[in-house]
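Some notes on the structure that comes next.
The values are calculated or read from the model by the stated rules, or taken from the named source; none is laboratory data. This one's a predicted model, so the numbers in the text were calculated from it and none came from an experiment. We place every Cβ from the backbone using ideal geometry, glycine too, and count neighbours over all the protein chains shown. Heavy atoms of the whole protein, side chains included, go into the accessibility calculation; ligands, DNA and RNA do not. Shrake-Rupley method; radii C 1.70, N 1.55, O 1.52, S 1.80 Å.
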Amino acid sequence: MHIRSAMLFAVALSFPGAAVAQMSRAALVKQSDIIFIGTVTQVGAVAVPEVPPSDRTVVVRVDQVLEKPAPVALTAGDSVTVETARAGSLKAGIQATFYTTGWIFGRGVAVREVGHEPGQSPVVTADAREAVARARAVVNDADLKAHIQRAAMVVAGRVEQVRPAELTAAPTRPRRITEHDPDWQEAIIQVEDGIKGAQAGEQVVVPR
Amino acid sequence: MRARVITVGVALCVACKGSEREVPKPPAKLAGVRVVDLIPVSLSGESWQDAEPFLALYASNPRLMAASAFTPNPGGSASATAPIFVSDDGGDSWTLRNTLPSQTMTADITHAVGGNPPVLYAGIMKVPDFPLNELKANDLFSPATMRLQGFRADIDQPFVRTSAVGNADRVYIGLNDFDAPDGRTATVDVSLDGGTTYTSRRIETRNTAGQNGPSIRPAVAQDHTVYVAYFGWRSNAGADVTSDVVVVRDDSGATGATPFRDLVDPSDHLPGRLVATHVTIPWSNAPTLGQVRIGSTLSIAVDALHSDNVYLAWADRVGTGDIYTVHVRRSTDRGATWSSDLRTLTNATDASLAVSTNGTVGLLYQQVTGPAGASRWVTRLEQSRDGFATHQDLVLATVPAATPPFQFLPYIGDYNGLLTRGNQFLGIFSANNTPDSANFPQGVVYQRRVDFPTHRLLDGSGAPVAVSIDPFYFSVPVLP
């Protein structure tokens, strides 16, 4: 039997958009999946042949990776192609913290700029890392708070059993068979700490 | 103690000659064969289950190709787009581009290239909620998201084929449309104007068990003959479905008011030739055959230059101790009559057929072999010029069937892809990605970081990466 804590979430979040220049660091972090300190080495150029050069593309040498998805191979010293949010916003030699999303992955990485923070020059790596980490914590806390607010129940507990679900709600349309049908299971959870909507000692059933 | 129920929505051949001392030899390498792992070096840390691959070719530019799999946007679950693989060097290298309008990844996806001009059409089941999106990209290298041309809910397994006629592309998307009347769900969305408009054509004319099977597969010849294969589900008991295997045909590109009625079965005079009747389809949405689910393997291919010649492959359960068996048959008279089984492949799935311009048929399939506990997924390409009286057998991959453990279903896919161009068969399959030359008898090229001597995958920093399922592109010379 698996023993684990269960946190039950039921919502997804989105923040309203804002002009890049006015975005808070937290908003930049929230929209980004690759964040790094880098130095612009070429303007109107690309680092990999898979991307056509334009007046919005710049080549940035990565000085320090602050955040990236685990599958992405990106280390200090790599050259990244950045599609800037607007043409002419970056000049060769500028060092900044780049907030980006992954765009093209091939022999190298090309990213799309969400925003950048020039900050001090040179950027103090420790300061930038701490600032991004702090902003990420703010984003994560906001996500968690929203999840908790919308969830019917939040508990820490022990999964006592997992079994095929016995859903009581009748389907509203004729049954159809696809390989996309959910294989509903339900977990029997012994609540050890009732954070919302349940109390310690209760047993709850969670379909999934 | 109280028990409460809450509902929480969660998106949820060795060919050995006898000798005094028989030493197994690796299969001989065939000249000109290439096998390439699609995962690029910049995603070397990737460990996702990149299943259900598909491939599209640009006739106008042999170096240009598109490919897909259940590969997520590396950006994570908040990403608004999903990726597609692109090669501009004939399949030697691939890049991942996030240009599909689907959250992080797609569910089912297939695609094909039109000719006026050479644009990419895709049929996807979009995440979330899996509605059909019929998409088009004029420029595969554009950073723009593919353009939406048609959409609706309640469909399954969109399967795209195209042909070019004059100055307009014809697009045929086979799909299972649950909103079709009377449970006759086998449908082809037909566009005669490059995807600008689609008309849903119902191709089932018989009563069903409430629906057809999910796989509806079109194939188009140069003379505009269109064949479509589908499963006519007639009844079900438990997890077993009793089904007919049906082929319809249209001789004029489905341009008429009542298309797909040019092939009539002599038994009931209804459109749709019954190639096999009352077969047992084991419908199992669970890891059943080497961790893969089963129930929808179906493929049809027409000789593009001689539309009389058409091949059909499907899988069912024969009931002789098999789990799932692939059958291959042929018609040489436009589907009017069919051979008996030309190939019968036990415990195999994901059959894909293609017919080259010289009439050679290619059969790609994946088969579980070996004893339980040491079984392997073996991916083979067979070629035949004589209706499988004889054939060339090529092992592209032989990998452990039990590792890695499945992350979700399908494990390797409900389908893979085989196409032909000139003197090549070009295809794609998904398999365990352990960098072990013994697993790829024809050789293999990785773009991602690997260490062959230690059989390890490595991330960007050189740290080991867990074995997973990757898509593999291949090209094989057609039998002369």
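Across all directions of projection, what mean area in square nanometres is found for the Cα convex hull of the range B:159-277?
On the way: hull surface 29.3 nm².
With every direction weighted equally, the projected area is 7.3 nm².
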Rough spin-label spacing in nm, given labels placed 7 Å along Cα→Cβ, for B:A438 and A:N140: 4.3
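FRET efficiency for B:H455 and B:S252, Cβ-Cβ distance as r, R0 = 60 Å, nearest 0.05? Don't skip to the answer; put the middle values down first.
Details: r = 54 Å, r/R0 = 0.90.
The pair B:H455/B:S252 has a calculated efficiency of 0.65.
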For the protein assembly as shown, with only Lys/Arg (+1) and Asp/Glu (-1) charged at the beta-carbon, what is the dipole magnitude about the Cα centre, in debye rounded to 20? 580
What percentages, rounded to whole numbers, describe P(r) for the range B:74-138 computed over all alpha carbon pairs with 10 Å bin width beginning at zero? 21, 48, 28, 3
Projected area of the range B:351-480, taken from the Cα convex hull and averaged over every viewing direction, in nm²? 9.0
What accessible surface, in Å², does a 1.4 Å probe find on A:V162, ignoring ligands, DNA and RNA and rounding to the nearest 10? 80
Cα-based Rg / Dmax (Å) for the range A:32-126: 11.7, 34
The correct pair for chain B, radius of gyration to one decimal and Dmax as a whole number, both in Å and from Cα atoms, is 21.6, 75
With the cut-off at 24 Å, report for the range B:72-180 the share of all Cα pairs above it, as a whole percent. 24
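Per residue, how many Å² of accessible area does chain B show with a 1.4 Å probe?
Numbers: 17110 Å² over 480 residues.
Normalised by residue count, the accessible surface of chain B is 36 Å².
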If we count every other residue with Cβ under 13 angstrom of B:V444's Cβ, Lys/Arg +1 and Asp/Glu -1, where does the sum land? -1
If you split all Cα-Cα distances of the range B:296-431 into 5 Å bins from zero, what percentages do you get per bin, shortest first? 2, 10, 19, 24, 20, 13, 7, 4, 1, 0
Under 17 Å between alpha carbons: how many lysine pairs meet that in the protein assembly as shown, if sequence neighbours fewer than 8 apart on the same chain are excluded? 6
Quick check: the distance between the Cα centres of the range B:312-368 and the range A:52-129, to the nearest angstrom? 51
Counting only protein heavy atoms and a 1.4 Å probe, tell me what percentage of the protein assembly as shown's accessible area is made up of carbon and sulfur. 52
Grab every C-alpha pair in the range B:137-203, bin the distances at 5 angstrom width from 0 up to the longest one, and report whole percents. 4, 16, 23, 23, 17, 10, 5, 2, 0
Which Rg and Dmax, in Å, describe the Cα atoms of the protein assembly as shown? 26.4, 83
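Please give the length that would be gained between A:I148 and A:T41 if that part of the chain were fully extended, namely 0.36 nm times their separation in residues minus their C-alpha to C-alpha distance (nm, one decimal).
Details: separation 107, 0.36 × 107 = 38.52 nm, distance 4.48 nm.
Stretched fully, the A:I148-A:T41 segment lengthens by 34.0 nm.
Averaging the inverse of every distinct alpha carbon separation and then flipping it gives the Kirkwood radius. What is it for the range A:62-106, in angstrom units?
Hydrodynamic radius (Kirkwood, Cα pairs) of the range A:62-106 is 12.1 Å.
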Taking the C-alpha atoms of the range A:119-161, convex hull volume expressed per residue in Å³: 95
What does the charge count near A:W184 come to, summing +1 for each Lys or Arg and -1 for each Asp or Glu among other residues with Cβ under 12 Å from its Cβ? -2
Two-decimal Rg/Rh across the range B:258-302, once Rg and the Kirkwood Rh are taken from alpha-carbon atoms: 1.14
May I ask for the distance between the Cα centers of the range B:120-162 and the range B:403-460, given as a whole number of Å? 26
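Over the Cα atoms of the range B:262-330, compute the convex hull volume and normalise it per residue, giving Å³.
Values: hull volume 8.1 nm³, N = 69.
So the per-residue hull volume is 117 Å³.
At 222 nm, what helix-only mean residue ellipticity would the protein assembly as shown give, in deg cm²/dmol to the nearest 500, using -39500 (n - 2.57) for each DSSP H run of four or more?
Details: 2 runs with 33 residues, N = 688.
Counting only the DSSP helices, I get -1500 deg cm²/dmol.
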Using a 1.4 Å probe and counting only protein heavy atoms, how much accessible surface gets buried when B and A come together, both sides summed, in Å² to the nearest 100? 3600
Would you be so kind as to list the residues of the range A:185-206 that have their accessible area lowered by at least 50 Å² in the full protein complex compared with their chain by itself (1.4 Å probe)? A:E202, A:Q203, A:V205
Charge tally in the Cβ shell below 14 Å around B:Y411, where Lys, Arg are +1 and Asp, Glu are -1, B:Y411 excluded: -4
